[in-house]
Amino acid sequence: MLILIFAATISIFVGEYTDALIVLAVVIGSTMLGFAQEYRAGNAVEKLRSQVTLKAKVLRDGESRSIDADQVVPGDIALLSAGRRRMGWCSTPMTSLSTRPS
């Protein structure tokens with residue numbers, strides 16, 4: 001992009017105004033197209049984020065449940081498994097870790 005602007009500047013100094021205008025038109029068009037695509041992509045990501053709910057697998061009242069992550073309360077025991085995300089605020093005391101064969 002900067003090379004094209006530099007080329008347009010040199011074209012103006014040399015007197016090739018038509019070439020400079022064409023190059024600047026391409027640069028402006030490319031910039032506008034890039035901005036529009038980024039704007040639409042950002043809106044699409046926000047729509048997807050609003051549709052996705054994070055689930056947490058917890059042990060509550062002696063039962064294993066899958067609940068929304070924002071419904072987890074103190075006293076729930078998070079059930080962790082390979083490949084699943086761990087909640088950022090979740091603590092894992094080493095004394096309570098146990099493994100179950102799959």
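A short reminder: the numbers here are calculations on the coordinates, not readings from a lab. All values reported here derive from a predicted model rather than from experimental measurement.
Take residue 25 and tell me if it is farther than 30 Å from residue 3 by Cα and among the hydrophobic types (A, V, I, L, M, F, W, C). Break it down stepwise before answering.
Details: farther than 30 Å from residue 3 by Cα: no; among the hydrophobic types (A, V, I, L, M, F, W, C): yes.
Spelling it out, it is not the case that residue 25 is farther than 30 Å from residue 3 by Cα and among the hydrophobic types (A, V, I, L, M, F, W, C).
For the range 28-67, enumerate the residues that are hydroxyl-bearing (Ser, Thr, Tyr) and either under 30 Å from residue 2 (Cα atoms) or not in a strand (DSSP E or B) (or both). Before you say what the answer is, go through the steps one by one.
Initially, the range 28-67 is screened for residues hydroxyl-bearing (Ser, Thr, Tyr), giving 30-31, 39, 50, 53, 64, 66.
If the condition is that a residue be hydroxyl-bearing (Ser, Thr, Tyr) and either under 30 Å from residue 2 (Cα atoms) or not in a strand (DSSP E or B) (or both), then 30, 31, 39, 50, 53 are the ones that fit.
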